[in-house]
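Chemist: Quick one: this structure, given as structure tokens, is what I'll be asking you about.
The values are calculated or read from the model by the stated rules, or taken from the named source; none is laboratory data. Note that the structure is a prediction, hence the values are computed from the model and not measured. When we count neighbours, we look across all protein chains shown, and the Cβ atoms used for this are built from the backbone with ideal geometry, even at glycine. Just so you know, the surface numbers come from the protein's heavy atoms only, side chains and all, with ligands and any DNA or RNA stripped out. Shrake-Rupley method; radii C 1.70, N 1.55, O 1.52, S 1.80 Å.
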Amino acid sequence: MLLFAVFAIGAVTSALLTITRRNPVASAMSLVAHFFMLSGLYLTLEAQFVAAVQVLVYAGAIMVLVVFVIMLLNLGREQQLAERGNAIRVTLGTAVAGIFAVMMALAVIGRESGASALHPQAVTIGTTESIGQSLFTQYLFPFEAVSLLLLAALIGAVILAKRHVKEEA
Amino acid sequence: MIPTSIPLDYYLILSAILFVTGVIGVITRRNAIIIFMSIELMLNAVNLTMVAFSAYSGDVAGQMFVFFIMAVAAAEAAVGLAIVLALFRNRQTVYVDEVNLMKW
């Protein structure tokens with residue numbers, strides 16, 4: 001319970017920091033902290049494999065990519081001045097999100113209360129062994145499809161980000 | 001470690017809060033990279049729901065979906081950031097309200 005509280009508060013705080021910081025690098029660093037907090041939450045759910053992959057893939061790979069792009073674009077201070085908090089946009093956006101939050105709260109409250117303790121098998125299904133077993137038997141086709149998707153994304157990213165020299169030649 | 005006696009609803013509520021945080025980020029920010037990071041926030045909120053349901057119902061399917069969502073998120077990150085790069089190269093901006101190419 002204590003661990004859950006610590007990680008939950010940490011996750012919400014770092015999420016709020018991510019969307020409020022003016023400096024994109026500060027946002028990115030808060031997001032890394034957020035991913036670590038989520039990884040801790042996964043551990044409280046006995047999902048060891050997902051927790052490890054969360055740190056490796058999100059905090060390791062994706063955020064490096066994001067920080068790299070921020071550095072590459074050199075989003076410094078003078079461009080940052082252009083981002084003035086447009087009061088109408090922020091109010092409207094928060095209002096829309098508020099409506100959304102109320103709807104989700106109603107959905108959570110409206111249903112009968114869910115399980116109050118982890119399933120006894122939770123420890124065994126979160127291991128790498130159990131995940132791998134399902135991944136290469138029951139979920140083999142999605143697994144292969146995802147590999148194809150990653151290949152397509154790789155090629156797409158290279159083509160999109162390539163500098164087009166002499167296009168009209 | 002203390003045996004977990006946290007109701008499932010706590011995880012769902014936390015996940016809803018994180019998702020709404022991501023929605024606010026997408027709606028209110030102008031910087032395309034921060035919008036992108038807010039989308040990651042939303043994806044992760046959903047992942048948390050999946051893992052919670054998986055652990056509380058003793059079914060591995062939720063964690064498989066999280067695995068696939070992570071793979072899709074990685075693909076999305078590569079393509080999304082390449083689009084931001086191409087945008088910056090062509091328009092010298094990453095602020096989405098300064099990009100009106102597709103506005104009629």
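Chemist: Can you give the local net charge around A:TYR58? Use residues other than it whose beta-carbon is closer than 15 angstrom to its beta-carbon, Lys and Arg +1, Asp and Glu -1.
Modeler: -2
Chemist: Between the stretch A:19-34 and the stretch B:50-97, what is the separation of their alpha carbon centroids in Å?
Modeler: 17 Å
Chemist: Treat the stretch A:1-83 as a sphere of radius equal to its Kirkwood radius over Cα pairs and apply Stokes-Einstein at 25 °C in a medium of 0.890 mPa s; give the translational diffusion coefficient in µm²/s, rounded to a whole number. Intermediate results must be reported in sequence, preceding the final value.
Modeler: Numbers: Rh = 13.6 Å.
Answer from the Stokes-Einstein relation: 181 µm²/s.
Chemist: Probe radius 1.4 Å, ligands and nucleic acids left out: can you give me the accessible area buried at the A-B interface, summed over both chains, in Å² to the nearest hundred?
Modeler: Summing both sides, the interface buries roughly 6900 Å².
Chemist: Sorted by packing (mean other beta-carbon atoms within 10 Å per residue), highest first, where do B:8-15, A:36-43 land?
Modeler: The densest-packed peptide leads the list: A:36-43, B:8-15.
Chemist: Could I ask something else about it? What is the average number of partner chain Cβ atoms found within 10 Å of a Cβ in B:44-56?
Modeler: Per residue, the number of nearby Cβ atoms from other chains is 6 on average.
Chemist: Starting from the Cα gyration tensor of chain B, take the square roots of the eigenvalues, sort them a ≥ b ≥ c, and report rounded, prolate or oblate (rounded when a/c is under 1.5, otherwise prolate if a/b is larger than b/c, else oblate).
Modeler: Working: a/c = 3.68, a/b = 2.25, b/c = 1.64.
Here chain B falls in the prolate category.
Chemist: Spelling out what I want: for every residue of the stretch B:5-12, take phi, set θ = phi - 60°, compute 6.51 cos²θ - 1.76 cosθ + 1.60 (Karplus), and round to whole Hz; glycine and proline get x.
Modeler: Couplings: 10, 8, x, 4, 4, 4, 5, 5 Hz.
Chemist: Can you give the net charge of the other residues whose Cβ lies under 11 Å from the Cβ of A:GLN121, counting K and R as +1 and D and E as -1?
Modeler: Net charge around A:GLN121: -2.
Chemist: In addition: Just order B:41-51, A:63-73, A:120-130, B:61-71 by mean Cβ neighbour count inside 10 Å, highest at the front, would you? Could the numbers behind the result be given before it?
Modeler: Values: B:41-51: 22.5, A:63-73: 17.7, A:120-130: 15.5, B:61-71: 20.3.
Highest to lowest by the protection proxy: B:41-51, B:61-71, A:63-73, A:120-130.
Chemist: Tell me the accessible surface of A:ILE88 in square angstrom (1.4 angstrom probe, heavy atoms of protein chains only), to the nearest ten.
Modeler: Surface open to solvent at A:ILE88 totals about 120 Å².
Chemist: Pop the C-beta distance of B:TYR10 and A:HIS164 into the FRET formula with R0 = 51 Å and round what comes out to the nearest 0.05.
Modeler: Once the sixth-power term is evaluated, E becomes 0.50.
Chemist: Between rounded, prolate and oblate, where does the stretch A:120-166 land on the alpha carbon gyration tensor, with a ≥ b ≥ c its root eigenvalues, rounded for a/c under 1.5, else prolate if a/b exceeds b/c?
Modeler: Numbers: a/c = 6.71, a/b = 3.19, b/c = 2.10.
Prolate, because a/c is 1.5 or more and a/b exceeds b/c.
Chemist: Now, a different point. Per DSSP H run of at least 4 residues, take -39500 (n - 2.57); add these up for chain A, divide by its residues and hand me the 222 nm value, nearest 500 deg cm²/dmol.
Modeler: Theoretical 222 nm ellipticity from helices: -22500 deg cm²/dmol.
Chemist: May I ask which residue of B:ALA71, B:MET50, B:LEU85 lies farthest towards the positive end of the charge dipole of chain B, with charges of +1 (Lys, Arg) and -1 (Asp, Glu) on Cβ and the Cα centre as origin?
Modeler: Farthest along the dipole direction, towards plus: B:LEU85.
Chemist: For A:HIS34, A:HIS164, what's the largest-to-smallest order of accessible area, 1.4 Å probe?
Modeler: Working: A:HIS34 0, A:HIS164 110 Å².
Output order, biggest surface exposure first: A:HIS164, A:HIS34.
Chemist: Grab every C-alpha pair in the protein assembly as shown, bin the distances at 5 angstrom width from 0 up to the longest one, and report whole percents.
Modeler: Reading the bins upward from 0: 1, 6, 12, 16, 17, 16, 13, 9, 6, 4, 1, 0, 0, 0.
Chemist: Ranked from highest to lowest mean number of other Cβ atoms within 10 Å per residue, what is the order of the peptides A:153-163, A:12-22?
Modeler: Details: A:153-163: 14.3, A:12-22: 19.1.
My ranking of the peptides, most packed first, is A:12-22, A:153-163.
Chemist: If you don't mind, there's one more thing I want to ask. Tell me the per residue accessible area of the stretch A:1-83 using a 1.4 Å probe; a whole number in Å² is fine.
Modeler: 44 Å²
Chemist: Please give the average number of partner chain Cβ atoms lying within 10 Å of the Cβ of each residue in A:38-49, rounded to a whole number.
Modeler: 5
Chemist: Which of A:LEU149, A:LEU17, A:SER116 sits farthest toward the positive end of the charge dipole of the protein assembly as shown, with +1 on the Cβ of Lys and Arg and -1 on the Cβ of Asp and Glu?
Modeler: A:LEU17
Chemist: To continue, here is another question. How charged is the neighbourhood of A:LEU135? Take every other residue with its Cβ under 15 Å from the Cβ of A:LEU135, and add Lys/Arg as +1 and Asp/Glu as -1.
Modeler: Combined, the nearby Lys, Arg, Asp and Glu give -3.
Chemist: Return the distance in nm (one decimal) between the two label points of a simple spin-label model at A:LEU2 and B:ASN100, each offset 7 Å from Cα along Cα→Cβ.
Modeler: According to this spin-label approximation, the distance is 5.7 nm.
Chemist: A further question on this structure: Can you give the mean number of other chain Cβ atoms that lie within 10 Å of the Cβ atoms in peptide B:82-88?
Modeler: 6
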